[in-house]
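Each remark here refers to the structure printed beneath this line.
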Amino acid sequence: MWTTLGNPESREAAAQETRQRTYIRGSIYDRDGVLLNSSEKVNGDRIYHSDYERAFSTVTGYYSPIYGTTGLESKFNSELVSSKSSDDNKRGHDIVLTLDADLQQAAYNSISNIPEGAAVVLDAQNGEILALASTPTFIPSELEENWADYSQKTGLFLPNAYKSTFAPGSDFKIITACAVIDNGVDSQTVDDQGSYTFKNGQTITNYDSRSFGNIDLDDAIRYSSNVYFITKALEMGADNLHDSLKKFLLGEDIELDFTTLTSNLDFEDNRDEVIGSIAFGQGKTEVTPLYMAMACQAILNDGEMIKPHMIQSVTAANGTANKDYEEADEPEVLQKVTSPETAQRVVAAMEGAAEHYGFDYIGPDGWVVAAKTGTAQTGTSTNAWIVSGAIDADNGNTPKYVVVVMAADQNHDGIYYKDSVDQIYDALVAYDAEKSSDQTSD
């Protein structure tokens with residue numbers, strides 16, 4: 001049996017417990033200094049911002065002397081209960097997030113009526129996560145009195161926006177579309193008669209069994225043709241499709257500053273029906289909403305996938321900043337997923353799809369929205385998605401923001417949640433105007 005003296009993990013746990021009895025727990029703030037989580041005395045109750053408590057609960061998590069920690073309270077527990085201060089009144093590190101409190105609240109409000117949902121907002125230029133909302137949520141300040149109820153709710157402390165994975169459905173076609181172009185199988189149209197039958201006799205239909213006749217890539221994205229993407233996936237072959245999808249880091253663990261993103265990509269034994277299902281976002285493919293936001297950002301950004309981040313700073317009580325979380329001069333590019341030419345073609349097709357969905361009016365003059373819906377069949381229910389981005393067409397088609405909304409285990413298709421996306425864009429317009437005003441005044 002390990003002893004505290006011999007076991008490094010036990011020693012660290014003991015040290016943390018000592019610090020927790022010594023330091024006032026540090027605070028967590030939003031990007032503009034809105035105080036979200038704080039403490040007033042050593043081992044005292046955690047205080048949460050009453051206006052934003054539920055919206056942030058699945059990100060910042062909770063601290064409880066009885067039940068421990070989750071979320072950022074857990075990830076950064078060591079920093080929150082330690083510092084470089086030599087004062088008698090010792091305080092832990094403070095953490096500032098890239099999240100905007102009002103955007104986080106708007107994102108949460110947009111999905112609050114979805115039992116299992118997620119909403120993600122990314123700054124497409126620098127990878128800052130501006131909102132990361134999940135449902136179900138909880139009230140951290142009432143955790144201990146409601147523990148019996150909370151502990152019975154499956155997935156309550158496993159945030160859907162970045163920890164749980166889901167079948168993406170047709171929004172995944174924006175990734176497959178890059179593979180279609182990059183592997184040179186995009187020149188010929190496909191005769192879409194509404195269904196595709198594999199050699200084993202399995203038949204896949206388009207949504208509502210719709211047929212589209214001779215269609216090209218643009219129409220296949222606009223109308224979401226399963227038949228087109230199955231045909232093209234088999235034409236390019238399993239190895240080429242696999243290699244193209246791996247460029248998007250599918251199936252890889254992606255280490256971020258607050259979590260590890262996971263996804264699943266399984267070609268099994270390269271059977272035709274498996275390859276075809278992967279091409280339109282089903283099979284065993286599973287991703288997080290944050291991952292789909294990253295994939296969309298990469299396509300909007302001429303094929304460069306920027307590493308998302310949510311920690312703006314971690315600062316000790318004496319003002320010393322942790323250099324591991326200093327803002328970089330340039331955003332970190334994780335991967336070149338495709339060429340600028342391919343990315344621009346896919347974005348143009350997504351803009352056509354967004355217009356088809358009715359997104360053409362969103363934002364100030366000059367903003368154009370690119371989007372793709374998804375409806376993944378999961379037995380008796382569906383995962384419904386909208387993956388979208390705002391582009392400033394008046395300033396060199398510069399990508400501005402990415403918005404993703406996902407509703408799991410529902411009986412609706414993706415477009416049903418357009419109102420949720422609209423709400424987030426309305427909040428983004430106000431956020432962008434305020435940010436532009438601040439930059440002008442500076």
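The values are calculated or read from the model by the stated rules, or taken from the named source; none is laboratory data. Keep in mind that what you see is a predicted model, and the values were worked out from it rather than measured. Glycine also receives a Cβ, built like all others from the backbone with ideal geometry; neighbour counts cover every protein chain displayed. To get the accessible areas, we keep the full protein, side chains included, count just its heavy atoms, and leave off ligands, DNA and RNA. Shrake-Rupley method; radii C 1.70, N 1.55, O 1.52, S 1.80 Å.
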Can you compute 3J(HN,Hα) from phi for each residue in segment 67-79, using the Karplus curve 6.51 cos²θ - 1.76 cosθ + 1.60 with θ = phi - 60°, rounded to whole Hz and x for Gly and Pro? 9, x, 9, 9, x, 5, 4, 8, 4, 10, 4, 4, 5
Reachable lysines from residue 284, Cα under 29 Å, same-chain residues fewer than 8 places away excluded? 153, 163, 173, 199, 232, 246, 247, 307, 336, 372, 418
Taking the Cα centre of each part, how many Å lie between segment 33-79 and segment 250-273? 31
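What size of dipole, in debye to the nearest 20, comes out for segment 183-265 about its Cα centre when the only charges are +1 on Lys and Arg C-beta atoms and -1 on Asp and Glu C-beta atoms?
Value, rounded to 20: 300 debye.
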Treating only the Cα positions of segment 71-176 as identical point scatterers, give the base-10 log of I(q)/I(0) from the Debye formula at each q in 0.14 Å⁻¹. -0.77
Within segment 189-252, trypsin sites (Lys or Arg not before Pro) in DSSP loop having at most 16 other beta-carbon neighbours inside 10 Å: 199, 210
Determine how large the accessible area of residue 198 is when every protein chain is in place; take a 1.4 Å probe and give Å² rounded to the nearest 10. 10
Any residue on another chain or 5+ positions along whose placed amide H is under 5 Å from the amide H of residue 186 is listed here as none
Per-residue HN-Hα couplings for segment 139-144 [Karplus 6.51, -1.76, 1.60; θ = phi - 60°; Hz; x = Gly/Pro]: 10, x, 5, 10, 4, 5
Taking the chain as a Gaussian network, Cα atoms linked when under 10 Å apart, which of 153, 418, 284 shows the biggest mean-square fluctuation? 153
Using Cα positions and a limit of under 20 Å, work out the lysines in reach of residue 84, with same-chain residues fewer than 8 apart set aside. 41, 75, 323
Could you state the number of Å between the C-alpha centres of segment 377-407 and segment 208-229? 19
What whole-number distance in Å separates the alpha-carbon centres of segment 310-327 and segment 274-301? 33
For segment 367-378, Karplus couplings with θ = phi - 60° (6.51, -1.76, 1.60), whole Hz, Gly/Pro x: 7, 10, 9, 10, 8, 8, 8, x, 9, 8, 6, 10
I need the P(r) histogram for the chain: all alpha carbon pairs, bin width 10 Å from 0 out to the longest distance, whole percents. 4, 21, 29, 23, 14, 7, 2, 0
Give me, ordered by chain and number, the residues 5 or more places off residue 29 or on other chains with an amide H under 5 Å from its own placed amide H. 36, 95, 96, 97
Picking from 186, 324, 302, which is most flexible by a Gaussian network model of the chain using Cα springs under 10 Å? 324
Probe 1.4 Å - accessible area at residue 242, Å² to nearest ten: 70
For q = 0.24, 0.25, 0.33 Å⁻¹, Debye-computed log10 I/I(0) when each Cα of segment 395-442 counts as one equal scatterer: -0.95, -0.98, -1.17
Where in segment 306-408 are there chymotrypsin sites (Phe, Trp or Tyr not before Pro) that are in a DSSP coil and have at most 16 other Cβ atoms within 10 angstrom of their Cβ? 361
Asserting the computed 222 nm helical MRE of the chain (DSSP H runs at least 4 long, -39500 (n - 2.57) per run, divided by residue count, to nearest 500) equals -9500 deg cm²/dmol
The helix 101-111 Cα axis meets the longest alpha-carbon principal axis of the chain at an angle in degrees, between 0 and 90 and rounded to 10, of 50
How big is the accessible area of residue 145 in square angstrom, nearest 10, if you roll a 1.4 angstrom probe over the protein chains? 140
How long is the gain from residue 270 to residue 195 if the chain were fully straight, where each residue apart is worth 0.36 nm and the alpha carbon distance is subtracted? 24.9 nm
Rounded to the nearest 10 degrees, what's the angle between the helix 340-357 long axis and the longest principal axis of the chain, both from Cα atoms, 0 to 90? 90
